[in-house]
Amino acid sequence: MLILSQNKKLATERLELSIESINRIMVEGNSGRLYLLGEYATEERAKEVLQEIITRYKNWENMKIGQPNGLYLPVYEMPKEW
């Protein structure tokens, strides 16, 4: 699954996600550096978005079982609301 950042400047397949600075969802790059995927008004909203990513990823993994190799790569776009 591909995750597209709020500002549409970063796309990642990495799942090393965390909530930092209370309301920012970050992804860890290969070098260990954190990159911003999205920022939200509250920590609770950031947790909701993170849970949505996890749910979508699990659903995609389940859908891949028994499918041909040409299965598309879904894109999750980080919600824009702050």
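The values are calculated or read from the model by the stated rules, or taken from the named source; none is laboratory data. Source: prediction; values computed, not measured. All accessible areas refer to the heavy atoms of the entire protein, side chains included, with ligands and DNA or RNA removed. Shrake-Rupley method; radii C 1.70, N 1.55, O 1.52, S 1.80 Å.
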* Whole-percent carbon and sulfur share, accessible surface of the chain, 1.4 Å -> 50
* To do: Using Cα pairs closer than 8 Å and at least 6 residues apart in sequence, work out the relative contact order for the chain, in percent.
  => 35
* Structure fact -> Computed over the chain: longest principal axis from alpha-carbon atoms vs helix 43-64 long axis, angle to nearest 10 degrees, is 10
* Would you calculate, for the chain, the mean residue ellipticity at 222 nm contributed by helices, counting each DSSP H stretch of 4 or more residues as -39,500 (n - 2.57) and dividing by all residues, to the nearest 500? => -9500 deg cm²/dmol
* **Per residue, in Å², the accessible surface of the chain once ligands and nucleic acids are set aside, probe 1.4 Å** => 66
* K8 accessible area, assembled protein chains, probe 1.4 Å, Å² -> 90
* Asked: Among [x] 12.8, 39; [y] 13.3, 41; [z] 17.1, 54, which one is Rg and Dmax of the Cα atoms in Å computed from these coordinates?
  -> [y]
